[in-house]
1. Quick check: is even one residue across the stretch 49-64 in contact with a Ser or Thr (Cβ under 6 Å, 6 or more places away or on another chain), surrounded by 13 or more Cβ atoms within 10 Å (Cβ to Cβ) and closer than 15 Å to Leu11 by Cα?
2. Have a look at Thr118, Thr108 and point out the one that is modelled with pLDDT of 90 or more and of a type outside the set (A, V, I, L, M, F, W, C).
3. Only one of (1) among the charged types (D, E, K, R); (2) at pLDDT 85 or above; (3) more than 29 Å from Ser134 (Cα to Cα) fails for Asp74. Which number is that?
4. Quick one: in the stretch 38-71, which of the residues that are over 28 Å from Gly131 (Cβ atoms) and of a type in the set (Ser, Thr, Tyr) is modelled with the highest pLDDT?
5. Out of the stretch 65-85, which residues are among the small types (Gly, Ala, Ser) and exposed (fewer than 13 other Cβ atoms within 10 Å of the Cβ)?
6. Return only the number of the condition from (1) touching a residue at least 40 places away in the same chain (Cβ under 8 Å); (2) more than 21 Å from the chain's Cα centre (by Cα); (3) at negative phi that Val88 does not satisfy.
7. Which members of the stretch 4-27 meet the condition of being among the β-branched types (Val, Ile, Thr), open to solvent by 40 Å² or more (accessible area, probe 1.4 Å) and under 14 Å from Ile63 (Cα atoms)?
8. Can you name the condition, by its number, that Arg77 falls short on among (1) under 30 Å from Gly144 (Cα atoms); (2) not in a strand (DSSP E or B)?
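The values are calculated or read from the model by the stated rules, or taken from the named source; none is laboratory data. This is a predicted model, so every value here is computed, not measured. So basically every Cβ, Gly included, is an ideal-geometry build from the backbone, and we count neighbours across all protein chains shown. Protein only, heavy atoms only, side chains kept; ligands, DNA and RNA dropped before computing areas. Shrake-Rupley method; radii C 1.70, N 1.55, O 1.52, S 1.80 Å.
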Amino acid sequence: MTVEKKVRWNLIRRTNQIAPSGSRLQKCQRVPVGKKIGVAKNKMGTHSYVGLTQCGNAWACPICSQNLAVRRADIARIVHWNVNRKAVMITYTIQHSKGESLNALLNTLTMCHRVARTGRRLAAYNDLCLGYISAKEITYGHNGWHPHMHEVNYLHSDIDLARLLFAIVKN
């Protein structure tokens, strides 16, 4: 077992201890789903348990968050390679300082993202965008919590990059 897996399993044990009694999080990787529990080898050649409850909590569970991240990355990879469009990477971030609550920062970030996606100022850019895949990331450093969003925007393949730049700079 790798060091990373050992850390995740230690975290899930601790999470199971502090999670509310009877919750899905408390039962994750501890309670059988059916009568059979086993070990299976996946396509990457690593082994995992099968037949155990999975909570599916991407934010609190160290095992499920990893599993969901891998699945989401697979979906994003498939979309990216099968969509014949230009891709543009955007990161949304906000000013913050130590002591600000994570909840307040996440609310501000979500509101700013909504305004960017639906507001008049970026309407010209959004008209050029066919769709996007986004992911929130939260880090903690010397300035406190730092939530931000990464986004891959898929644009029409025949888009003129000068037109795109004009649409962004103009506003």
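1. Yes - at least one qualifying residue is present in the stretch 49-64.
2. Only one candidate qualifies: Thr108.
3. Answer for Asp74: the failing condition is (3).
4. Thr53
5. Ala69, Ala73
6. Of (1) touching a residue at least 40 places away in the same chain (Cβ under 8 Å); (2) more than 21 Å from the chain's Cα centre (by Cα); (3) at negative phi, only one is false for Val88: (2).
7. Passing the criteria: only Val7.
8. Result: Arg77 fails condition (1) only.
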